[in-house]
Amino acid sequence: MTKNWMEIKNKTEESADLYFYGDIVSSEWGAWESTDQYPDNIKNFLDEVKDKPNLNIYINSGGGSVFGGIAIYNMLKRHKAHKTVHVDGLAASIASVIAMAGDKLIIPSNAFLMIHSPWVGAQGNAKDLRKMADDLDVMEQGILNIYQENLKDGVDIETIKAMVHAETWMDGNEASQYFNIEVAEENKMAASTSKYFNEYKNTPKNLTEKKVEEPKVTVIDKVEDSIDEELELLALEIDLL
């Protein structure tokens, strides 16, 4: 039984909105949060909006399944609507690939795009692990092919390949130097959580550190005022005795 988590928001005669605000997983069995997305869910969504001329896609995702993400990318590319992608906070790992499915990609100056080599947990003998390394190289090349289709004129794919190997985080301004991206004005950062944050090497600290609010001095002042009032009343009672 499917979880029916997909919700079509702001659907009009002309457009519909699609949100990637969680991890990208392979199937509904891996979707532990209501915000996680997987290919079957996206297929059902696109079937419902197949006649819409415009599709707005909003991304704030730490990434996830390579094959799930590439399947979603290909489904979005096939959709006839004009697709505008907005990176609200973060498009990391395979979510950066999904972002490239748009006809127009908009990233605010304070939002992030992260690209890196695919990785996997593996076990087996030496032959198995060597094959897995070869398979990862093939996966990486597929991802690079998608990036290459979205490069700015004059940018060499070898430059992007080196950035992928280094796990590179870019804000909107930096990303626009390499990819066909429209930089929007800085917006209020959308909160993002992902189980992958602890796995990445160069995750910005402001995405993982919890902010501790300063204690409010006004509360202490009110307590002190209350104590002063009680002392005045006590002194008055003593004078009346």
Once neighbouring chains are kept in place and the probe is 1.4 Å, which whole percent of the accessible area of the stretch 1-154 is contributed by carbon and sulfur?
49 percent
Rounded, prolate or oblate for the stretch 40-88? Axes are the square roots of the Cα gyration tensor eigenvalues, ordered a ≥ b ≥ c, and the cut-off for rounded is a/c under 1.5.
oblate
Based on Cβ point charges of +1 for Lys and Arg and -1 for Asp and Glu, what charge dipole magnitude is obtained for the stretch 1-160 about its Cα centre, in debye rounded to the nearest 20?
200 debye
For the stretch 137-186, give the magnitude of the charge dipole about the Cα centre (Cβ charges: +1 Lys/Arg, -1 Asp/Glu; no others), in debye to the nearest 20.
160 debye
How much length, in nm to one decimal, is gained on full extension between ASN125 and ASP156, taken as 0.36 nm per residue of separation minus their Cα-Cα distance?
7.4 nm
Where the only charges are on Cβ atoms (+1 Lys, Arg; -1 Asp, Glu), what is the dipole of the stretch 36-99 about its Cα centre, to the nearest 20 debye?
300 debye
Flagged links, alpha-carbon separation over 29 Å, of LYS83/LYS152; LYS131/LYS161; LYS83/LYS161; LYS43/LYS131; LYS80/LYS152; LYS50/LYS161
LYS43/LYS131; LYS50/LYS161
Quick one: which residues, 5 or more positions from SER93 or on another chain, have an amide H under 5 Å from its amide H? H modelled 1.01 Å from N in the peptide plane, none for Pro or chain starts.
MET114, ILE115, HIS116
Antiparallel bridge percentage (DSSP; both residues within the stretch 106-186; nearest 5):
60 percent
For the stretch 71-110, just say rounded, prolate or oblate: build the C-alpha gyration tensor, square-root its eigenvalues into a ≥ b ≥ c, call rounded for a/c under 1.5, and beyond that prolate if a/b exceeds b/c, oblate if not.
oblate
Probe of 1.4 angstrom, ligands and nucleic acids ignored: what's the accessible area per residue over the stretch 79-133, in square angstrom?
40 Å²
Can you list residues whose amide H is under 5 Å from ALA184's amide H, if they're 5+ apart or on another chain and H is modeled 1.01 Å from N?
ILE107, SER109
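The values are calculated or read from the model by the stated rules, or taken from the named source; none is laboratory data. Nothing here was measured: the structure is a model prediction, and the numbers come from that model. Counting neighbours? That spans all protein chains shown, and the Cβs are built from the backbone with ideal geometry, glycine included. SASA here: full protein model, heavy atoms, side chains in, ligands and nucleic acids out. Shrake-Rupley method; radii C 1.70, N 1.55, O 1.52, S 1.80 Å.
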